[in-house]
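What follows draws every value from the coordinates through simple rules; no lab data is involved. Every value quoted in this text rests on a predicted model; they were computed, and no experiment measured them. Here the Cβ is made from the backbone with ideal geometry for all residues, glycine too, and neighbour counts use every protein chain on show.
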Amino acid sequence: MLIWVAALHCEAKPVIDFLRLKKSHDHHAFDLYQADNACCIVSGIGKLNVAAATAWIAALHQQSRSIGWINIGTAGSRSYAIGSAWTINKITDIESGHSYYPVPLINSRLPSEQCQTHNKPDSEYHLQSLSDMEASAFFATATRFSSAELIHCIKVVSDNSVTPCSRNKNEVSQLIQQNMQPIAEFSQTLTALNQQIAQMALAEPDWQRFLATAHFSQTQKTQLKNCLRFLCSQGDSIDTLMAMVSATVGTNASSNCNSQSILSCLAQRRIDLSRNL
Amino acid sequence: MVSCVYVESSIKDHERTLRILARFKTTPVVEIEHHGEVFNPSAQNFRLQKSNPALILAHKNNRHALPTPEGYGLGGKHNYYFSHMLNCLYDCRYCFLQGMYNSAHQVIFVNYEDFDEDITQICAQHNSEPVWFFSGYDCDSLAYEPVTQFANFFVPSFNKIDNAWLELRTKSTQVRQLLKHQPCDRIVTAFSFTEQHSHDKLEHGVPSIEKRIDAMRLLVDAGWPIGLRFDPIIYHDNYRASFSHLLDTIFSTIDPNQLHSVSLGAFRLPKNNFKQVNKLYPDEPLFAQNLALNSGIIGYPLEQEQEMMRYCEQQLLQHIPAHCYHPCEWHE
């Protein structure tokens, strides 16, 4: 799942249009637009709003195997051209003084720059940094749910020391819209990274099926998960493994005995498949 | 390929920093206060980062050289390790560094002079007794030599301390800088090898066995002492034949009488490191093998390990003189 977080609807619109996301009518806390493997949430301006929206949408997708994140929005700059798009490699929260470092894993056409997050609009503009009002809170919140490599900010310069911030929503959308091609490429690479992580996780319904076969202690659950993740990575299907487990359960009486038998059976298959690396 | 260079503010104008940055002119540079800001946060995925790590240039404030863990060494009485780098260029699946740090970024501590000062002091404390320093504990000593110039700095520095011994441990072929210096009997370049099948499966990015043997030979020909480290030995159905073949390959080029030291150890990881790397690489067959916990270490069941070690030791001693053999012992 790739989640886009934008402060304003006009900042979200190019993403919604590009990905053909549909507005969700099931939720009312925030405006949410969805497709099968992506969604875009409109948080409102500022750190509190973006933190709330990020946490809320993460909770909504708690069954996702892995979540990738992009905070898309506009920013101010002293020297960069209006309409130029940037990925962020350092976020400094001006009020707390704390810095965050998105991990620059993605080779992108978008150049990278630092960003300062303020509580109020910044009219002074820092020499070597963009200015926004959400990035620090977004990043700090999203790292509660995903690892930093999967959390990125993309900012398009909307105002600088010469040109003040536009109040025209269409103009703001247009600034992001004109960068949608490299932004989409960036998101595709992020999606691929996210899938690497997702592939290593068991789907929650599958995991629950295995757990229901016997009573497992906490240690046994870890062992079971390790076995299943390895065997699935080697090409065993969940149904094949479930059939193996069911056959084992059928021959034993007590639940405690079942859990040990299941683990022994899967562990043996794991050893057989790994002996030659 | 380096995705980004982070530079601590305190060393941004350091001569070594500037020289390293000159090699990465098109790479984004981000200034940081302390390398821990980037290196230590827990919400990081080592596996993802390893595909495209960043470089962190930092200053090491204290504890430049530390006593080695129990059992680490080559029979010397005084053993220390020091790390001018954290993390390795290569991606060996059995390596404990994967479970050691949250980040796969490579940290280079640029204040070599402070390391040198501590090493000099430690050697002075031990009067004229030999003191061993191991530099390949948290990184490969030579793999990043073109960037770090580590050997280029420390070879002259060790050369001038009469009781200081240095082990450079490597899987690289980066011997060019060493060859520019006069050989020193107290600086041993130890090459790590696993047999071909394990190399193919587990040592991602490591130069071929043949190329490393060529590098060893260049050092031997120039009069440098070298060592061999067969650690870890990894089980598979054909490990015996494959290990014997590795020995034959090495000793068809290298004269065993010119070896300073040889060590041997079976695959093992501290329990907590194992848990961490198994979580990172749930699809890795090495971690799915028949392994057991023994004295806080995950490794092969004792009987199997002893059998493996016995076989490899026996094969090894057919090639090398016994006095230079140092088994890696960690069992009580």
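For this structure, a couple of remarks:
- Ordering of B:5-13, B:44-52 by burial proxy (mean other Cβ atoms within 10 Å per residue, highest first): B:44-52, B:5-13
- Checking Cβ-Cβ separations below 4.7 Å across chain B identifies B:Cys4, B:Cys88, B:Cys123, B:Cys139, B:Cys184, B:Cys312, B:Cys324, B:Cys328 as cysteines lacking any candidate disulfide partner.
- 10 Å Cβ neighbours from other chains, averaged over peptide A:110-123: 1
- Taking the inverse of the mean reciprocal distance over all distinct Cα pairs, the Kirkwood hydrodynamic radius of segment A:42-142 comes to 14.2 Å.
- Equivalent ellipsoid semi-axes - Cα gyration tensor, segment B:131-220, angstrom: 24, 13, 12
- In whole angstrom, the protein assembly as shown maps to an equivalent ellipsoid with semi-axes of 47, 35, 18, each derived as √(5λ) from the alpha carbon gyration tensor and ordered largest first.
- Under-5 Å amide H pairs with A:Leu2, H placed in peptide plane, nonlocal only: A:Ala38, A:Cys39, A:Gly68
- Remark on segment A:115-156: hydrodynamic radius 11.3 angstrom, per the Kirkwood mean of 1/r across alpha carbon pairs.
- Residues in segment B:234-249 carry Karplus couplings, in order, of 10, 6, 7, 4, 10, 5, 5, 5, 5, 5, 4, 5, 4, 4, 4, 5 Hz; the curve used is 6.51 cos²θ - 1.76 cosθ + 1.60 with θ = phi - 60°, and Gly or Pro positions show x.
- Ordering B:Leu202, A:Phe145, A:Thr222 by the projection of their Cα atoms onto the charge dipole of the protein assembly as shown, which places +1 on the Cβ of Lys and Arg and -1 on the Cβ of Asp and Glu, puts A:Phe145 at the extreme positive end.
- When the charge dipole of the protein assembly as shown is built from unit charges on Cβ atoms (+1 for Lys and Arg, -1 for Asp and Glu) and taken about the Cα centre, the candidate among A:Ile94, B:Ser141, B:Val175 whose Cα reaches farthest toward its positive end is A:Ile94.
- Cα centre as origin, Lys/Arg/Asp/Glu Cβ charges: chain B dipole, Debye: 560 debye
- Its residue count N sets the reference 2.2 N^0.38 Å, and the alpha-carbon radius of gyration of segment A:204-274 equals 0.99 times that reference.
- Over chain A, the alpha carbon radius of gyration divided by the compact-protein estimate 2.2 N^0.38 Å works out to 1.24.
- Using the Karplus relation 6.51 cos²θ - 1.76 cosθ + 1.60 with θ = phi - 60°, the per-residue 3J(HN,Hα) values for segment B:206-216 come to 7, x, 5, 4, 4, 5, 6, 5, 4, 5, 4 Hz, with x marking Gly and Pro.
- Surface/4 estimate of mean projected area, convex hull on alpha-carbon atoms of segment B:5-327, nm²: 16.3 nm²
- Rg over Rh, two decimals, segment B:1-111 (C-alpha only, Kirkwood Rh): 1.00
- Sorting the segments A:212-222, B:170-180 by their residues' average number of neighbouring beta-carbon atoms within 10 angstrom, most packed first, yields B:170-180, A:212-222.
- Amide hydrogen neighbours beyond the local backbone of A:Thr74, cut-off 5 Å, H modeled: A:Val156
- Entry note, chain A: the mean residue ellipticity at 222 nm calculated from DSSP H runs of n ≥ 4, each adding -39500 (n - 2.57), is -13500 deg cm²/dmol after division by the residues and rounding to the nearest 500.
- Cβ neighbours within 10 Å from other chains - mean over A:142-150: 5
- Remark on segment A:102-186: hydrodynamic radius 14.4 angstrom, per the Kirkwood mean of 1/r across alpha carbon pairs.
- Cβ-placed point charges (K, R +1; D, E -1), dipole of segment A:2-199 about Cα centre in debye, nearest 20: 220 debye
- For segment B:52-66 and segment A:220-239, distance of Cα centres in Å: 38 Å
- Averaging Cα coordinates gives a centre for segment A:33-98 and one for segment A:1-30; these two points are 12 Å apart.
- 5 angstrom amide H check on B:Phe133, placed H, neighbours 5+ away: B:Tyr80, B:Trp165, B:Leu166, B:Glu167
- Shielding by partners, peptide B:235-242 (average Cβ within 10 angstrom, other chains): 2
- Remark: the protein assembly as shown carries a charge dipole of roughly 1040 debye about the Cα centre, counting +1 on each Lys and Arg Cβ and -1 on each Asp and Glu Cβ.
- If you count Lys pairs in segment A:2-199 whose Cα atoms are under 24 Å apart, skipping same-chain pairs closer than 8 places in sequence, the total is 20.
- Taking the average, over residues, of other Cβ atoms within 10 Å as the packing measure, peptides A:48-56, B:210-218 rank A:48-56, B:210-218 from highest down.
- Using θ = phi - 60° and Karplus 6.51 cos²θ - 1.76 cosθ + 1.60, couplings along segment A:108-119 (whole Hz; Gly, Pro as x): 10, 6, 7, x, 10, 8, 8, 9, 9, 9, 10, 6
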